[in-house]
Ligand SMILES: O=P(O)(O)OC[C@H]1O[C@H](O)[C@H](O)[C@@H](O)[C@@H]1O
């Protein structure tokens, strides 16, 4: 089960100035929430411009294809994923949480040379598979990394290099698709109707995660459960309720939204969420074209670790944050704390279990924030497995989509990233960007 404990956003717990009367707010906002949900479900049904991410969890064939691909390549000891943003963050988050480490996954999501050279020096090309992933098929960082790894493979393996590359890209767009066709490379398609930051359950995530030994069917089953909750009436609709709480606090002067899972294994889920939230909701224009410049700022944290790094700010700093905890109800395994002679001052820990301490710290931190009138709520997962992680990821996608509707922005584009790309092409001397290069030079950017 995935449940949400909203106690620490209620007036009863954090006072009328910082708390919500959630029942009243849900009643008052039922019409806009119902409109948001209907708009999104209608987009799901719209054959011309469907929201592909809603249908993705129904597609179990792709998961089976990814597993077949893994089974057909038992020689793989290392998978190098070349991708960035939505083409890497989802797989990184799920791999960190559930990967079995039998096959090593390496993510090249930046172009700093030293780590790339270090990775190249550590790999055996004979047992390495390179999965280059790009929805647009043109992202400079991913393409640059592919140029390096493509030559590295051919230098080591000759014509055999082809067997060591899998391409995941748009069915038609970009440079990778024709290149894969020309060389007969294994290629997977990213559905054109699924945006990059919503694509973790497409081949973008499923192919690397098949090699990571993750239960792909479980991920999809959990995501289908999230879809089910998003089809419920508002009073039982968890994605609508968390979206409403996010919206209300954003509108009430809390522009920062923290995601803090109490789990080292889930430490990269906030990284994935930051892109989902920031790129979907950080927009200059509303859907009606007015200049709004909206968007809650997502902040990543992990418990208990960031109790010792960020909670000071959360508890005593500005009243500008909503903190969302994710807590597991039970561990998959545990560890008893031994009594140690000479350390009797620690006897409150003797014989206890690590998960008991983790849970106590999560509850203590949430309550300490509430006592300081800092709103926070806790998403509770029964345990950390593929089903519950798939549920959480799809829940957060729904939450973000509903929040986009409430904010009146298009949550499914990212126009703000284009100018930086154009400038990069100009600075790199790309043909067709000469005038822009001159403009940059005149502005002192060379
Ligand atoms: O998958 P790609 O087309 O290579 O894009 C990778 C990323 O870069 C783009 O600039 C967008 O900001 C992201 O939404 C996207 O996930």
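Each reported figure results from applying straightforward, stated rules to the coordinates on display, with no laboratory input. On a predicted model such as this, the values are computed, not experimentally measured, just so you know. Don't worry about glycine lacking a Cβ; one is built from the backbone with ideal geometry, like all the others, and counts go over all protein chains shown.
Quick look at the values:
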read-out: The chain: angle of helix 140-157 to the longest principal axis, Cα-based, in degrees nearest 10; value: 50
read-out: Alpha carbon centroid spacing (whole Å) that separates region 152-168 from region 328-403; value: 44
read-out: Rg and Dmax [Cα atoms of region 107-152; Å; Rg one decimal, Dmax integer]; value: 10.6, 29
read-out: Chain lengthening between residue 147 and residue 58 when straightened (0.36 nm per residue, less Cα-Cα); value: 28.5 nm
read-out: Within a Gaussian network of the chain (alpha carbon springs, distance under 10 Å), most fluctuating of 304, 229, 424; value: 424
read-out: Label-point separation in nm, residue 333 to residue 350, each point 7 Å along Cα→Cβ; value: 2.7
read-out: Helix-only [θ]222 nm of the chain, DSSP H runs n ≥ 4, -39500 (n - 2.57) each, per residue, nearest 500; value: -14000 deg cm²/dmol
read-out: Per-residue Cβ neighbour rank within 10 angstrom, fewest leading, 334, 320, 306; value: 334, 320, 306
read-out: Label-point gap, in nm, between residue 443 and residue 111 - each point 7 angstrom along Cα→Cβ; value: 1.9
read-out: Extent along principal axes [Cα atoms of the chain; Å; largest to smallest]; value: 67, 65, 48
read-out: Sorted by Cβ neighbour density within 10 Å, fewest at the top, the residues 122, 136, 280, 263; value: 122, 136, 263, 280
read-out: Stokes-Einstein diffusion coefficient of region 130-235, Kirkwood radius over Cα pairs, 10 °C, 1.306 mPa s, in µm²/s; value: 104
read-out: Cα gyration tensor, region 103-184 - rounded (a/c under 1.5), prolate or oblate; value: oblate
read-out: Region 1-155, Rg to Rh (Cα coordinates; Rh as Kirkwood inverse mean 1/r); value: 1.13
read-out: Choice from 37, 358, 403 with maximal GNM fluctuation in the chain (Cα, 10 Å cutoff); value: 358
read-out: Tilt relative to the chain, helix 386-407 - C-alpha long axis, 0 to 90 degrees, to 10; value: 80
read-out: Fewest-first sequence of 41, 53, 391, 75 by Cβ atoms within 10 Å of each Cβ; value: 75, 41, 53, 391
read-out: Acute angle (nearest 10 degrees) that the helix 89-98 long axis makes with the longest principal axis of the chain, alpha-carbon atoms; value: 70
read-out: Top of 400, 264, 62 by mean-square fluctuation, Gaussian network on the chain, Cα under 10 Å; value: 264
read-out: Separation in nanometres of the label points that stand 7 Å from Cα toward Cβ, at residue 287 and residue 172; value: 2.6
read-out: Percent breakdown of C-alpha pair distances by 5 Å bin, ordered from the shortest bin, for region 235-338; value: 3, 10, 17, 21, 19, 13, 7, 5, 2, 1, 1, 0, 0
